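Trainee: Pasting a structure here, questions to come.
The values are calculated or read from the model by the stated rules, or taken from the named source; none is laboratory data. The structure displayed is predicted, hence computed values, not measured ones. So basically every Cβ, Gly included, is an ideal-geometry build from the backbone, and we count neighbours across all protein chains shown.
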Amino acid sequence: MGDYFMAYKTILMDVSNGVATLTLNRPEKLNACTMEMLGELASALDEIAANSDVRTLLLTGAGRGFCAGQDLGARAPLPEGERYDLSDNLLNGYHPVLERLEKLDIPTICAVNGVAAGAGANIALACDIVVASESAKFIQVFSKIGLVPDCGGTYNLPRSVGMARAKGLTLLGEALSASDAENWGMIWKCLPDDSFMAAAVSMAEKLATGPTWGLTLTKRALNASLGNDYHTQLALEAESQKQAGESDDYMEGVAAFMEKRSPVFTGKKTNKK
Ligand code: LHQ
């Protein structure tokens, strides 16, 4: 256990070495999401955003699965003919989590330790870097139960794997292995089961000693590029570089290079103390 440990019922949170680790913790249900879990995730992300000691987020799951998506048993049956409004789950449960993930000004890593299905797959793909254990699989399972991909799946998939594969994955609902996910460019890396978690933690700890502000500007620019034309993006790069160049970490990076030593980055935004 690290420096802090905050008590939630459905997730675990630990902060150590500049890394906040959030672990989805309903292993008996393959960490399927309930509204309680989503609310706790949103609160935990608020805590992380407010904690300047945290310089990387690592999201993973307890047990043999990462997340099986929406908990299909969490709702009471309705009287004949009535239906639930599923947009309510998205707008009030999933979207607050996804929006916080997107706004979080530190690198986010998802360590997919096992099956990631439905919303679970797309929450993983909403992180900046996704690594998966070789036995993990990604399933756009929505079509199996008559639903459409949500949690950003229809946004991210065509952009990461292309339209043909996005349509195949979502319309057929077949499982994609972690190694195929890597080969398709859907995730960063598929790693051996036995060394996977140690590698993910080591990557997170390395990022947590990086020039956090520069890394944040980088991920913001890449995210923005998906909706920008070339000239707008060049302008954004110039503005981002201006901001990165004002940081102590830029001065330190150059000094360390000239002095042939490893840099010691603070991760702070500007040179103002
Ligand atoms: C589960 C679940 C689960 C409850 C496994 N719920 N218990 C958003 C907005 C609003 C509403 C609707 O949805 C959404 C987004 C979505 O995410 S829709 C998609 C919902 N998810 C699914 O349809 C996936 C359902 N699960 C599966 O297909 C399989 O469990 C997978 C392929 C994930 C894993 O298969 P196995 O490795 O064979 O495991 P299993 O099926 O034996 O599951 C283990 C246990 O976990 C089992 O419980 P039990 O008490 O029988 O041991 C499952 O019932 C439970 N579980 N997923 N989503």
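Trainee: Check Arg64, Arg26, Arg75, Arg55 and return the single one that is within 15 Å of the chain's Cα centre (by Cα) and basic (Lys, Arg).
Mentor: Arg55
Trainee: In this structure, is Gly61 within 16 Å of the ligand (Cβ to nearest atom), crowded, with 19+ Cβ neighbours inside 10 Å and not β-branched (Val, Ile, Thr)?
Mentor: Judged against the criteria, Gly61 is a match.
Trainee: Out of the residues in segment 33-53 meeting the condition of being within 16 Å of the ligand (Cβ to nearest atom) and either small (Gly, Ala, Ser) or part of a loop (DSSP other than H, G, I, E, B) (or both), tell me which one is farthest from Thr21 (Cα to Cα).
Mentor: Thr34
Trainee: Among the residues of segment 234-252, is any touching a strand residue (DSSP E or B) at 6+ places or on another chain (Cβ under 7 Å) and either at positive phi or at pLDDT 95 or above (or both)?
Mentor: No: zero hits.
Trainee: Does Thr23 qualify as being more than 17 Å from Ala7 (Cα to Cα), assigned by TED's automatic domain parsing to the domain that holds Cys151 and of a type in the set (S, T, N, Q)?
Mentor: no
Trainee: Could you check Leu86 against (1) near the ligand (Cβ under 8 Å from one of its atoms); (2) under 15 Å from Met37 (Cβ atoms) and say which number it fails?
Mentor: (2)
Trainee: From the list Leu30, Leu78, which one is more than 19 Å from Cys127 (Cβ to Cβ) and within 16 Å of the ligand (Cβ to nearest atom)?
Mentor: Going through Leu30, Leu78 in turn, just one is more than 19 Å from Cys127 (Cβ to Cβ) and within 16 Å of the ligand (Cβ to nearest atom): Leu78.
Trainee: Among the candidates Tyr94, Tyr84, which residue alone is in a loop (DSSP other than H, G, I, E, B) and surrounded by 10 or more Cβ atoms within 10 Å (Cβ to Cβ)?
Mentor: Result: Tyr84 is the single residue among Tyr94, Tyr84 that is in a loop (DSSP other than H, G, I, E, B) and surrounded by 10 or more Cβ atoms within 10 Å (Cβ to Cβ).
Trainee: Here's a follow-up. Output the qualifying pairs, or none if there are none: Cβ atoms under 7 angstrom, residues six or more apart or on different chains, first residue in segment 17-34 and touching a residue at least 24 places away in the same chain (Cβ under 8 Å) and of a type in the set (Ser, Thr, Tyr), second residue in a loop (DSSP other than H, G, I, E, B) and more than 9 Å from the ligand (Cβ to nearest atom).
Mentor: Thr23/Ala62; Thr34/Thr10
Trainee: Is there any pair linking a residue in segment 220-233 that is of a type in the set (Lys, Arg) to one that is part of a helix (DSSP H, G or I) and modelled with pLDDT of 95 or more, with Cβ under 9 Å and at least six apart or on different chains, and which?
Mentor: Final answer for the pair search is Arg220/Leu236; Arg220/Ser240.
Trainee: Another question, if that's okay. Report the residue count in segment 227-246 for those that are over 26 Å from the mean Cα position of the chain (by Cα) and not in a helix (DSSP H, G or I).
Mentor: The qualifying residues number 1.
Trainee: When segment 185-209 is examined, which residues are found to be more than 16 Å from Ser133 (Cα to Cα), under 18 Å from the mean Cα position of the chain (by Cα) and buried (at least 16 other Cβ atoms within 10 Å of the Cβ)?
Mentor: Answer for segment 185-209, where residues must be more than 16 Å from Ser133 (Cα to Cα), under 18 Å from the mean Cα position of the chain (by Cα) and buried (at least 16 other Cβ atoms within 10 Å of the Cβ): Glu205, Leu207, Ala208.
Trainee: So the check is Cβ under 6 Å with 6+ separation or different chains; which pairs have a first residue in segment 84-107 that's farther than 30 Å from Gly267 by Cβ and a second one that's within 12 Å of the ligand (Cβ to nearest atom) and part of a loop (DSSP other than H, G, I, E, B)?
Mentor: Leu90/Asp150
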